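These notes concern the structure reproduced below.
The values are calculated or read from the model by the stated rules, or taken from the named source; none is laboratory data. Bear in mind the structure is a predicted one, so any value in this text is a computation, not a measurement. Methodologically, a virtual Cβ is constructed for each residue, glycine included, from the backbone with ideal geometry; neighbour enumeration extends over all protein chains shown.
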Amino acid sequence: MDASKDSAPDSAPDDATDAHLSRKTVLRAALAAGVALPAALMGVPALARTVGPDGGPLDVTPACDDGDDPTPPQMEGPYFKPNSPRRTSLVDGSTPGTRLTVTGYVFGLACQPLGNVLLDFWQADVNGVYDNAGFRFRGHQFTDAAGAFTLTTIVPGLYPGRTRHLHVKAQAPGRPVLTTQLYFPGEPRNSTDSLFDPRLLMAVRTVGSGREAKFDFVLNVSQTSTTKPTSTTTSSPGGGTWAAGTNYATGAHVTYGGTGYVCLQAHLAQPGWEPPNVPALWRAG
Ligand SMILES: [Fe+2]
């Protein structure tokens, strides 16, 4: 309980990097080295929308990343309070701290977006203190029809015993609550916080004087895919034009828009996942 009274100097993650780039780099390195991708991806953020239902459902958050094993939800901790205000911004013009915008999507098991999902965020202030009397840095919102959300806040301060993190509860209508935490790459305490889970890393980059973070949730909600292939036994073609509904294997070559691409991860192609749109799945070559 004393943690709310303790304070630690806020230091924004100065080594926050463009995690998308890091991930792509890792993917390519793994591909070149013939390393199993899930192991190679440990410790780097992954976004659910960059992977797809390659013949089976996605894992549940926090394992919503390239088929890693499921991980249990994270503890709520002592500082959750119900009945937070409905708002997407937890700051005003005078709020101290490094501005942080968190965006992302909420998906179900078939990687279809989930709208009207309740997302309730809470976090420490710049000094690592939770507001247990009021509702500073607490707020809930609902995903839009596309499953998207945006949270405007600050980079939370550190408090004793924990690495930097956000708390969140996510609940699709009529479904159980997922309670978990989101983490920042490059934090020194990530390696010493026993709760830290690399599968819950956000992709964070510095933009001006602030930070932009991305994270996608996958909730344990069954969905019927609207893009089932006409054949589920299609193997990756060695060439040809990219086509939705095709199962592509790692290393498959296709053309799209006159450009050749190589498949980086086995997946079932879907509309909207054309090679230029999903660099985690395809690279030009
Ligand atoms: Fe916390």
Mind counting the residues in the range 172-189 that are within 22 Å of Thr206 (Cα to Cα) and away from the ligand (no atom under 14 Å from the Cβ)? 3
Please tell me if Gly238 is modelled with pLDDT under 85, in contact with a strand residue (DSSP E or B) (Cβ under 7 Å, 6 or more places away or on another chain) and either of a type in the set (S, T, N, Q) or in a loop (DSSP other than H, G, I, E, B) (or both). yes
The range 79-100 residues that are over 11 Å from Phe137 (Cα atoms), paired with ones that are of a type in the set (Phe, Trp, Tyr) and more than 16 Å from the ligand (Cβ to nearest atom) (beta carbon under 9 Å, 6 or more apart): Arg86/Phe142
Residues that are in contact with an Asp or Glu (Cβ under 7 Å, 6 or more places away or on another chain), under 24 Å from Gln112 (Cα atoms) and acidic (Asp, Glu): find the strands (runs of 3 or more DSSP E) completely inside the range 137-214 holding 1 or more of those. none
Among the residues of the range 101-123, which ones are within 16 Å of the ligand (Cβ to nearest atom), in contact (Cβ under 8 Å) with a residue 60 or more places away in the chain and not in a strand (DSSP E or B)? none
Residue count, the range 129-171 (criterion: within 16 Å of the ligand (Cβ to nearest atom) and within 17 Å of Thr103 (Cα to Cα)): 13
